[in-house]
Amino acid sequence: MDKLLVHGGRPLHGEVVISGAKNAALPEMCAALLTAEPVHLINVPRLHDVRTMRKLLDNMGVASETHGERGGISFVAHDALSPEAPYELVKTMRASVLALGPLLARFGEATVSLPGGCAIGSRPVDQHIKGLQAMGAQITVEHGYMIAKLPPGQSRLRGARISTDMITVTGTENLLMAATLAEGETVLQNAAQEPEVTDLAEMLIKMGAKIEGHGTSRISIQGVDRLHGCTHQVVADRIEAGTFLCAVAATGGDAFLRHARADHLDAVIDKLLEAGVQVTAEDGGMRVRSPGGALLKAQSFRTTEYPGFPTDMQAQFMALNVLAQGTSTVTETIFENRFMHVNELSRLGAHIAIDGREATVTGGAQLSGATVMATDLRASASLVIAGLVASGETLVDRIYHLDRGYDRMEDKLRGLGADIERLST
Ligand code: EPZ
């Protein structure tokens with residue numbers, strides 16, 4: 001298992017290119033299932049989860065090929081696919097559930113393994129199932145698989161008015177994709193407003209889908225008979241950008257994040273500005289300047305759905321609060337077990353007390369390097385940020401978690417002056 005070896009204490013300077021968003025690329029790869037025509041995605045990030053999704057689509061019979069330096073992948077989902085997503089692949093990546101809606105919409109049937117839980121929470125998919133059933137699908141769960149089909153005599157999903165019990169990102173995406181080929185109108189109330197949902201909708205519209213209201217809590221879709229191919233550039237990854245903002249804020253320095261979208265990170269930027277970090281939108285990206293974590297003011301925050309403070313940025317910002325002056329409270333409202341980075345940060349010298357969904361961080365810690373273990377994707381990023389500041393050597397173990405969602409993070413950090421290297425064992 002690979003490890004990252006970090007020698008802390010160096011400020012970060014220079015320019016870093018932000019990759020395409022993992023959480024847009026994954027649903028957009030599944031959207032290719034909605035047509036037999038070629039779909040070209042560009043700016044696809046080079047991530048383990050993208051490779052897993054390609055394997056999943058390949059397993060169904062989707063032809064795909066990479067091309068060009070611009071992270072291009074083309075897909076052709078011809079008519080003779082096997083609409084199945086096996087446990088062996090789904091268990092390694094929950095986003096595989098995003099194949100369910102497109103397969104059902106295009107082929108009228110799908111067999112998709114239940115994803116099972118993951119480190120940060122039980123993460124059920126009941127809302128995905130409820131929404132598709134409202135559109136006429138018959139879905140049973142047998143031997144750990146969701147078996148979905150249309151009732152006899154029904155050749156297509158039917159439009160429906162669906163209000164999910166809570167805001168769900170991939171739930172909204174699954175239902176959005178299914179609705180594009182349903183008969184009649186579908187209205188998704190309580191829809192997720194994340195930029196990745198909006199980017200997916202824009203891709204579907206290029207394919208001929210009739211969608212309005214994406215980016216708001218109410219999305220309406222008029223079903224069409226078929227969709228055609230398209231070329232779509234994956235939106236920049238706001239969570240990768242936010243992670244680099246926190247890294248520079250923590251180490252101190254001055255960096256330009258090329259392609260980063262400041263308008264997708266308002267809640268995080270507001271907290272960084274209050275902490276004393278300078279963040280400015282500039283032509284083609286975002287600039288961040290910081291005196292270093294110890295000279296910042298810790299900020300309390302609570303995670304909520306977009307446009308609120310993103311849960312995917314909670315661990316990274318907590319690492320900043322560990323260093324900054326003052327006591328702060330971090331409240332995680334989305335997932336029930338997303339504080340696993342806390343014990344590892346404490347090994348580096350952080351002072352954090354957890355009470356249920358709330359963590360209280362005593363700032364001003366002088367971190368010292370240690371061996372720490374990554375437990376999930378964003379926790380890994382938080383440990384790297386802390387290691388960039390801790391005195392001495394920090395060894396981050398199990399960084400396969402990091403590789404799921406960050407495109408060569410150590411190369412990008414080294415490009416900004418960090419002393420960091422990958423140890424492949
Ligand atoms: C997406 O996960 C992201 N993944 C997650 O990013 C992100 O943390 C999450 O949205 C929240 O923003 C992708 O987009 C591939 P949810 P998703 O459905 O869709 C509950 C990362 O680090 N829920 O919005 O699985 C659920 O348990 C990853 O990149 C149900 O109860 O999250 C959670 O408490 C981690 N039933 C809440 O809703 C359902 O059917 C929000 O989950 C669906 C969700």
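Worth a mention:
- Test result for ASP263, outside any strand (DSSP E or B) and without any contact (Cβ under 8 Å) to a residue 24 or more places away in the chain: yes
- For region 156-175, the criterion of being in contact (Cβ under 8 Å) with a residue 40 or more places away in the chain, within 15 Å of the ligand (Cβ to nearest atom), touching an Asp or Glu at 6+ places or on another chain (Cβ under 6 Å) and assigned to a helix (DSSP H, G or I) is satisfied by at least one residue.
Residue-by-condition table, conditions (1) within 16 Å of the ligand (Cβ to nearest atom); (2) assigned to a strand (DSSP E or B):
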{"residue": "LEU200", "(1), (2)": "yes, no"}
{"residue": "ILE211", "(1), (2)": "no, yes"}
{"residue": "VAL224", "(1), (2)": "no, no"}
{"residue": "THR231", "(1), (2)": "no, yes"}
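- Any chance ASP266 is out of contact with any helix residue (DSSP H, G or I) (no Cβ under 7 Å at 6 or more places or on another chain) and at pLDDT 95 or above: yes
- Residue match in region 174-181 (condition: more than 26 Å from ILE334 (Cα to Cα), crowded, with 19+ Cβ neighbours inside 10 Å and among the hydroxyl-bearing types (Ser, Thr, Tyr)): yes
- Checked against the criterion of being more than 18 Å from VAL268 (Cβ to Cβ) and either of a type in the set (A, V, I, L, M) or more than 14 Å from the ligand (Cβ to nearest atom) (or both), the candidates THR329, THR362, THR375 yield just one match: THR362.
- Listed by first and then second residue, the pairs linking a residue in region 333-349 that is at positive phi to a residue that is more than 14 Å from the ligand (Cβ to nearest atom) and assigned to a loop (DSSP other than H, G, I, E, B), with Cβ atoms under 9 Å apart and 6 or more places separating them unless they lie on different chains, are GLY349/ALA365; GLY349/GLN366; GLY349/LEU367; GLY349/ALA370; GLY349/ALA390.
- Selection status of VAL62, modelled with pLDDT under 95 and not hydroxyl-bearing (Ser, Thr, Tyr): no
- Evaluation of SER328 against (1) surrounded by fewer than 21 Cβ atoms within 10 Å (Cβ to Cβ); (2) over 22 Å from PRO11 (Cβ atoms); (3) more than 22 Å from the chain's Cα centre (by Cα) (one fails), failing number: (1)
- Candidate set from region 32-90 (those that are under 23 Å from the mean Cα position of the chain (by Cα), hydroxyl-bearing (Ser, Thr, Tyr) and under 18 Å from CYS230 (Cα atoms)); member that is surrounded by the fewest Cβ atoms within 10 Å (Cβ to Cβ): THR66
- When LEU104 is tested against (1) more than 25 Å from ASP225 (Cα to Cα); (2) within 16 Å of the ligand (Cβ to nearest atom), exactly one condition is not met: (1).
- Boolean, ALA21 is within 12 Å of the ligand (Cβ to nearest atom), within 24 Å of ALA236 (Cα to Cα) and surrounded by 16 or more Cβ atoms within 10 Å (Cβ to Cβ): yes
- Qualifying positions in region 266-283 - over 24 Å from the mean Cα position of the chain (by Cα), surrounded by 17 or more Cβ atoms within 10 Å (Cβ to Cβ) and part of a helix (DSSP H, G or I): ALA275
- Restricting attention to region 117-133, the residues that are more than 7 Å from the ligand (Cβ to nearest atom) and either farther than 16 Å from ILE167 by Cα or touching a residue at least 24 places away in the same chain (Cβ under 8 Å) (or both) total 7.
- VAL187 in contact with a Lys or Arg (Cβ under 6 Å, 6 or more places away or on another chain), over 16 Å from GLU305 (Cβ atoms) and β-branched (Val, Ile, Thr): yes
The values are calculated or read from the model by the stated rules, or taken from the named source; none is laboratory data. Quantities reported herein were computed from a predicted structural model and do not represent experimental measurements. Don't worry about glycine lacking a Cβ; one is built from the backbone with ideal geometry, like all the others, and counts go over all protein chains shown.
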